[in-house]
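Chemist: Quick one: structure below, then a few questions.
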Amino acid sequence: MKLALVGATGMVGEVMLKVLKERNFPIDELLLVASEKSIGKKLEFNGKKYEVIGLAEAVAAKPNIAIFSAGGSTSLEWAPKFAAAGTTVIDNSSAWRMEADKKLIVPEINAHLLTKDDKIIANPNCSTIQLVMALAPLHKKYKMKRVVVSTYQSVSGTGLKAVQQMENEMAGVKGEMAYPYQIHKNALPHCDVFEDNGYTKEEMKLAREPQKILDDSSFSVTATAVRIPTAGGHSEAVNVQFERDFDLADIRRILHETPGIVVQDNPQTNTYPMPIYANDKDDVFVGRIRRDETQQNTLNMWIVSDNLRKGAATNAIQIAEYLVSKDLV
Ligand code: 2RA
């Protein structure tokens, strides 16, 4: 298995290398790929040093799989070139997610859709992945009608520079500004750019991606995405109205029984999901599960996950594992 990691020097790229090692992904040859300015850099993987190469060299090497986490513009330009060379691309950017002929995959939910013909596969947005992981099993039984989600997203979603700026601010060090405001003591209702409808791109990802992943456009999602001063981990307050009434004990049972979901929910012992518990784990943590007493068939819950792992690196690598296990690459 020849694997290329495009964006190897970035924050998600670093986590991808860690997860590939942890999961002992079957690699015979590893290509670490980055932009021109990083070519020649040395990175370590599994006790071995690798020299970073450029995109053209990586395409020519014809890897079996190329996992991208290098931004939308790089993916739009280079994913088709890898695909034309016979490589299967798994892309972590938003570039291909809503394209009709591209699949948007959370392996626990819809990996079965994948075929050998899928040469560019989209990894959903981090805040979408944790949301659908918790909602998918409930939707199957109780059929969602409407979801209202407020996110509390860590600074790591914006990248290394933003985390460094927050740490500088906390330490009182003047550094490059990645945000217009002092993020270390703020809650910024502005993740990504604003669209014409007054929502941000981040909020519209939450409004659009779940229907594609669950293959059901009968429900709607409205979101408010907020950046908060945590270094890692995205949290979400979710209010979901179902078509059918539910039994709260059954909701808990379904979530307990869902692979990849961990229920942490005992207010008496202050047990509920928090980014510090989710850090560096691949599970999606669910708590504060309670009926919304103001509206029929409606549930409130709190969902937390490591946005760099299940929200990006691990989900992409699980897609790669599925492709290998089904001989699709
Ligand atoms: C964010 N989900 O958190 C976006 C991109 N990683 O900023």
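Chemist: Just the residues that are open to solvent by less than 10 Å² (accessible area, probe 1.4 Å) and in a strand (DSSP E or B), please, taken from region 1-29.
Modeler: 3, 4, 5, 6
Chemist: Right, another one. Read through the list (1) surrounded by fewer than 19 Cβ atoms within 10 Å (Cβ to Cβ); (2) touching a residue at least 40 places away in the same chain (Cβ under 8 Å), then give the number of the only condition that residue 128 fails.
Modeler: Condition not satisfied by residue 128: (1).
Chemist: So, one more: Name the single residue that is farthest from the chain's Cα centre (by Cα) among those in region 104-125 being in contact (Cβ under 8 Å) with a residue 12 or more places away in the chain and open to solvent by 20 Å² or more (accessible area, probe 1.4 Å).
Modeler: Of everything passing the filter in region 104-125, 116 is farthest from the chain's Cα centre (by Cα).
Chemist: A further question follows. Report yes if residue 181 is within 16 Å of the ligand (Cβ to nearest atom), free of Cβ contacts under 8 Å to residues at least 40 places away in the same chain and outside any helix (DSSP H, G or I), otherwise no.
Modeler: yes
Chemist: Could you check region 103-177 for helices (runs of 4 or more DSSP H) lying wholly inside it with 2 or more residues that are among the aromatic types (Phe, Trp, Tyr)?
Modeler: The helices (runs of 4 or more DSSP H) meeting that bar number zero.
Chemist: Open to solvent by 20 Å² or more (accessible area, probe 1.4 Å) and either at pLDDT 95 or above or more than 23 Å from the chain's Cα centre (by Cα) (or both): which single residue out of 200, 258, 230 fits that description? Quick ask: steps written out before the conclusion?
Modeler: Working: 200 fails: open to solvent by 20 Å² or more (accessible area, probe 1.4 Å); 230 fails: either at pLDDT 95 or above or more than 23 Å from the chain's Cα centre (by Cα) (or both).
It is 258.
Chemist: How many of the residues making up region 83-101 are farther than 18 Å from residue 56 by Cα, aliphatic (A, V, I, L, M) and either part of a helix (DSSP H, G or I) or in contact with a helix residue (DSSP H, G or I) (Cβ under 8 Å, 6 or more places away or on another chain) (or both)?
Modeler: So the first thing to find is which residues in region 83-101 are farther than 18 Å from residue 56 by Cα, and the list is 92-101.
Restricting the remaining residues to those that are aliphatic (A, V, I, L, M) gives 95, 98, 100.
Still in the list and also either part of a helix (DSSP H, G or I) or in contact with a helix residue (DSSP H, G or I) (Cβ under 8 Å, 6 or more places away or on another chain) (or both): 95, 98.
Number of matching residues: 2.
Chemist: Which one is farthest from the ligand (Cβ to nearest atom), of the residues in region 233-246 that are open to solvent by 30 Å² or more (accessible area, probe 1.4 Å), under 16 Å from residue 139 (Cβ atoms) and of a type outside the set (S, T, N, Q)?
Modeler: Only one residue tops the list, namely 245.
The rows are residues; the columns are (1) closer than 12 Å to residue 213 by Cβ; (2) out of contact with any Pro (no Cβ under 7 Å at 6 or more places or on another chain).
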position	(1), (2)
92	no, yes
99	no, yes
104	yes, no
107	yes, yes
111	yes, yes
119	no, yes
124	yes, yes
127	no, yes
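Chemist: Could you check residue 141 against (1) surrounded by fewer than 20 Cβ atoms within 10 Å (Cβ to Cβ); (2) not assigned by TED's automatic domain parsing to the domain that holds residue 200 and say which number it fails?
Modeler: Failed condition: (2).
Chemist: Something else about it: Has region 208-221 got any residue that is within 16 Å of the ligand (Cβ to nearest atom), at pLDDT 95 or above, over 18 Å from residue 143 (Cβ atoms) and not in a loop (DSSP other than H, G, I, E, B)?
Modeler: There is at least one residue in region 208-221 that is within 16 Å of the ligand (Cβ to nearest atom), at pLDDT 95 or above, over 18 Å from residue 143 (Cβ atoms) and not in a loop (DSSP other than H, G, I, E, B).
Chemist: Quick one: in region 184-197, of everything that is assigned to a loop (DSSP other than H, G, I, E, B) and more than 16 Å from the ligand (Cβ to nearest atom), which residue is surrounded by the most Cβ atoms within 10 Å (Cβ to Cβ)?
Modeler: 197
Chemist: Residue 101 is checked against (1) farther than 18 Å from residue 319 by Cα; (2) open to solvent by 10 Å² or more (accessible area, probe 1.4 Å) and fails just one. What number does that condition carry?
Modeler: Result: residue 101 passes all but (1).
Chemist: Is there any pair with a first residue in region 302-316 that is open to solvent by 10 Å² or more (accessible area, probe 1.4 Å) and a second that is part of a loop (DSSP other than H, G, I, E, B) and within 12 Å of the ligand (Cβ to nearest atom) whose Cβ atoms are under 7 Å apart and which are 6 or more apart or on different chains, and what are they?
Modeler: Pairs found: 306/232; 306/233; 308/232.
Chemist: Right, another one. Mind checking which residues of region 60-78 are open to solvent by 20 Å² or more (accessible area, probe 1.4 Å), within 14 Å of residue 34 (Cβ to Cβ) and not in a loop (DSSP other than H, G, I, E, B)?
Modeler: Within region 60-78, 74, 78 meet the criteria.
The values are calculated or read from the model by the stated rules, or taken from the named source; none is laboratory data. Just so it is clear, the model here is predicted, and its values are computed rather than measured. So basically every Cβ, Gly included, is an ideal-geometry build from the backbone, and we count neighbours across all protein chains shown. All accessible areas refer to the heavy atoms of the entire protein, side chains included, with ligands and DNA or RNA removed. Shrake-Rupley method; radii C 1.70, N 1.55, O 1.52, S 1.80 Å.
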